Amino acid sequence: MTAKAEPLTVRDPRYDILFEPVKIGPVTAKNRFYQVPHATGTGSAMPNTRAGIREAKAEGGWAVVCTGYCSIHPTSDDRHYPFSSLWNETDIKAQAVMVDAVHRHDALAGVELWHGGGVVANKVTREAPLSPSGIGEPVYVTHPIQPRAMDKADIADLLSWQRDAALRARSAGFDIVYVYAGMGYLPFQFLVSRYNKRTDSYGGAFENRARLLREMIEVTREAVGDDCAVAVRLTAEENMGANGFRGDVEGEALFDLIGDLPDLWDVKLGFADDGVTSRFTEEAYHEPFIRYVKTKTGKPVVGVGRFTSPDTMLRQVKSGVLDLIGAARPSIADPFLPKKIEQGRLDEIRECIGCNVCVATYAEGVPIRCTQNPTMGEEWRRGWHPERIPARGSEDHVLVVGSGPAGLECARALGQRGYPVTLAEAERELGGRVARESRLPGLGAWARVRDWRLGRLDDLANVEIYRDSRLTVGNVLELAPDRVVLATGARWAPDLPDGADGAAPDVASSIVVMTPDDVMAGATPSGKVLVLDLDPYYMGGVIAEKLARDGHGVRLVTPNTAVSPWTAFTEEQHRIMVRLLELGIDVVTSHALQAVDGKGAELASVYDGKPQIVACDTLVVVGSRRPVGDLAKALDERGDDAQAAGIKDVRVIGDAYAPGAIVHAVASGHRYARELDANDLTVRVEPGDGTYVRGGR
Ligand code: ADP
Ligand code: SF4
């Protein structure tokens with residue numbers, strides 16, 4: 001069998017309201033599903049990759065599909081982050097690729113025109129950053145340059161850049177054109193008194209601070225006329241008290257002034273609070289902060305909240321919080337989310353797990369990747385469609401060993417292609433690391449990686465699943481499949497790396513040494529616990545959190561300058577640190593472990609070697625993982641027997657191949673399934689950057 005061609009079910013009439021059209025100024029969204037602007041890590045250098053991502057969503061039923069942030073002028077240059085631009089004719093052509101792709105599926109295309117003001121450093125264009133009063137962004141400084149204070153001529157320039165970019169957006173065919181007043185970007189900085197200290201007609205009283213935003217809306221409207229709707233994206237609450245933009249003060253005042261000026265309000269929160277992971281927030285967490293907006297405007301309002309439940313969406317509309325259901329992450333995890341609701345296929349929705357790997361990949365400057373959706377970013381490059389997959393290329397029977405994220409995705413996608421598949425799992429419980437890790441504090445939503453795949457496997461009669469089946473080489477030879485896929489995973493190792501003296505730290509035999517796997521399996525530490533965190537991602541922090549919640553006295557020691565440093569990319573690092581401190585965990589950064597004996601653990605500063613002794617009865621090493629390779633080795637050793645049994649091929653995938661994050665394991669399983677018997681493995685590569693013509697002064 002192959003992918004279901006036509007759905008057999010119909011939509012629940014309760015959800016009809018989600019499929020009502022919504023008028024947005026001169027254009028009409030065919031339903032209430034709105035993919036709000038979000039970065040894709042593609043920018044103008046990768047127009048086809050970008051178009052592939054957006055087209056999948058338009059095909060999946062989103063009525064509106066927007067670009068990510070799109071710079072109006074070279075004074076707004078965010079490199080090394082990949083951003084879109086509308087600076088010139090080349091950009092118009094590049095954007096039109098996406099617009100045409102979106103229009104092919106009867107969706108509206110929106111563009112988030114953006115000026116980053118004092119938040120960007122203009123590292124490529126080398127223009128001086130602009131701001132209302134010369135005050136830089138204190139939290140997100142990425143480069144040692146302060147913005148200059150804009151004079152009246154700069155403001156006139158800015159308005160002309162917005163006008164010109166809006167004209168280019170119209171030429172590219174966009175239906176909705178934005179003014180972006182959020183997240184510390186330029187028009188937002190004018191609104192907020194901590195940035196705006198001006199004494200002219202653009203500063204002081206709130207009406208003056210809102211003048212620039214009003215004028216930007218007006219010039220945009222002048223430029224696009226009745227051809228496009230004009231939207232404003234606003235950080236509607238910063239959660240910073242009097243130091244920030246407050247919904248009940250500045251927000252309400254703004255809507256009193258210009259509440260009905262644009263055709264649409266797209267509301268969000270500030271940098272720190274907007275795209276929070278599931279570890280720290282629930283679905284619909286924006287609601288209390290943006291609820292006021294609809295009471296202050298007659299224009300449609302779109303907002304986000306990691307919505308994956310149609311009932312939550314319904315509540316947002318029925319209780320008057322939102323008119324349009326905005327999504328970034330849920331549309332990445334499942335570009336076909338609206339279609340699945342429309343066709344009554346709710347159990348097929350591939351729910352976002354709220355891990356922010358998508359955010360991290362953008363922050364790393366590469367095309368967006370998603371833990372749940374391995375096709376994200378590969379639509380054009382590899383021709384991977386999120387729902388469709390080519391039918392099998394042979395009758396081969398495939399044995400998949402291991403039901404972690406790699407094995408489950410591999411078996412599911414092979415099954416979708418129509419291959420006969422046997423999936424064997426050593427444990428009673430399916431899911432491998434996802435099952436284990438989703439029981440750690442805050443990571444419950446990660447079980448969706450397993451649950452969605454098990455749900456799909458339930459529908460596939462050609463995939464047989466065997467639990468409690470730890471396969472030996474003898475079992476594999478006896479089964480004699482045509483192909484073997486080893487998705488046997490990796491386990492945390494208690495290994496301690498060598499220190500500066502070339503030797504591993506000495507650990508006395510009286511000290512209990514554990515790994516995260518031991519803790520997840522229920523091992524109980526005794527006495528004072530030292531979590532030695534050598535891992536850049538989440539595990540050290542979350543293991544420390546679990547042990548502290550279980551009542552143990554915990555100290556976390558890491559040679560890194562911060563706990564879980566890679567989580568800066570997932571925007572979690574600050575929250576993780578706050579949580580550890582709230583739980584009373586003693587955090588020691590920039591220290592290496594030298595030795596552990598009955599008297600305690602000896603630590604040394606990574607800078608000057610200065611020692612300190614801390615208590616330690618149990619050492620939990622969060623270090624590296626070792627692939628589970630026994631079966632692969634045994635099969636290799638019995639290569640002749642495997643050949644005699646008719647086994648054509650043995651492949652190792654997922655963490656057993658290269659230990660990584662869950663996103664890597666899922667992608668590895670999917671890739672094996674896609675590439676089996678494939679004739680064409682071409683990956684398309686984008687052309688390089690275009691050029692821009694510097695405008696203004
Ligand atoms: P990945 O992230 O690569 O999917 P996991 O560690 O999550 O890897 O999952 C690997 C799974 O493989 C585990 O559930 C483990 O029990 C299973 N497994 C390991 N060796 C065998 C084996 N010989 N037979 C069956 N299952 C195995
Ligand atoms: Fe959701 Fe994670 Fe995918 Fe981002 S990467 S869309 S947070 S599942």
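The values are calculated or read from the model by the stated rules, or taken from the named source; none is laboratory data. Only a predicted model underlies this, so the values are computations on that prediction, with no experimental measurement involved. Here the Cβ positions follow ideal geometry from the backbone for every residue, glycine too, while neighbour counts run over all protein chains shown. Quick note on the areas: whole protein, heavy atoms, side chains included, nothing else; ligands and nucleic acids left out. Shrake-Rupley method; radii C 1.70, N 1.55, O 1.52, S 1.80 Å.
For the reader, a short list of remarks on this structure follows.
- Rounded tilt (10° steps) of 662-675 against the dominant C-alpha axis of the chain: 80
- In the context of the full set of protein chains, residues of the chain present 38 Å² of accessible surface per residue (probe radius 1.4 Å, heavy atoms only).
- Solvent-free Debye calculation, one equal scatterer per alpha-carbon of the range 494-623: log10 I(q)/I(0) at 0.12 Å⁻¹ equals -0.40.
- Residues in the range 634-672 that a label on LEU681 would reach, taking backbone N under 13 Å of a point 7 Å out along Cα→Cβ: 651-652, 671-672
- Cβ-Cβ FRET estimate between LEU479 and ASP458, R0 fixed at 30 Å, reported to 0.05: 0.85
- Structural descriptor for the chain: relative contact order 13 percent, calculated from alpha carbon pairs under 8 angstrom and at least 6 residues apart.
- Helix 211-224 vs. the chain, principal-axis angle (Cα, 0 to 90°, nearest 10): 90
- Karplus-derived 3J(HN,Hα), 6.51/-1.76/1.60, for each residue of the range 598-611, Hz, glycine and proline x: x, 8, x, 9, 9, 10, 9, 4, 6, 8, 10, x, 4, x
- Spin-label model, GLU427/ASP498: points 7 Å from Cα along the beta carbon direction are separated by 3.5 nm.
- Sparse-neighbour loop sites [GluC sites (Glu not before Pro); the range 404-472; at most 16 other C-beta within 10 Å; DSSP]: GLU427, GLU429
- Amide hydrogen neighbours beyond the local backbone of VAL652, cut-off 5 Å, H modeled: LEU486
- Solvent-accessible area of the range 494-623 (1.4 angstrom probe, protein heavy atoms only): carbon and sulfur portion equals 51 percent.
- Our summary gives the range 41-363 a relative contact order of 14 percent, counting only alpha carbon pairs under 8 angstrom and 6 or more residues apart.
- Accessible area per residue (1.4 Å probe, heavy atoms of protein chains only) ranks ARG14, ARG168, ARG470, ARG50 as ARG470, ARG14, ARG168, ARG50, with the largest value leading.
- Model label points for ASP640 and ARG439, set 7 angstrom from Cα along the Cα-to-Cβ axis, are 4.5 nm apart.
- Gain in span if fully extended, VAL366 to TYR466, counting 0.36 nm per residue against the direct Cα distance: 32.2 nm
- Distance between modelled label sites at ASP151 and VAL10, nm, 7 Å Cα→Cβ extension: 6.9
- Put simply, the Cα atoms of the chain extend 78, 65, 48 Å along their principal axes, the longest span coming first.
- Taking each DSSP H run with n ≥ 4 as -39500 (n - 2.57) and averaging over every residue of the chain yields -8000 deg cm²/dmol at 222 nm.
- LYS648/SER171 FRET efficiency (R0 41 Å; Cβ-Cβ; nearest 0.05): 0.15
- Long-range tail of P(r) for the range 41-363 (Cα pairs > 34 Å, %): 17
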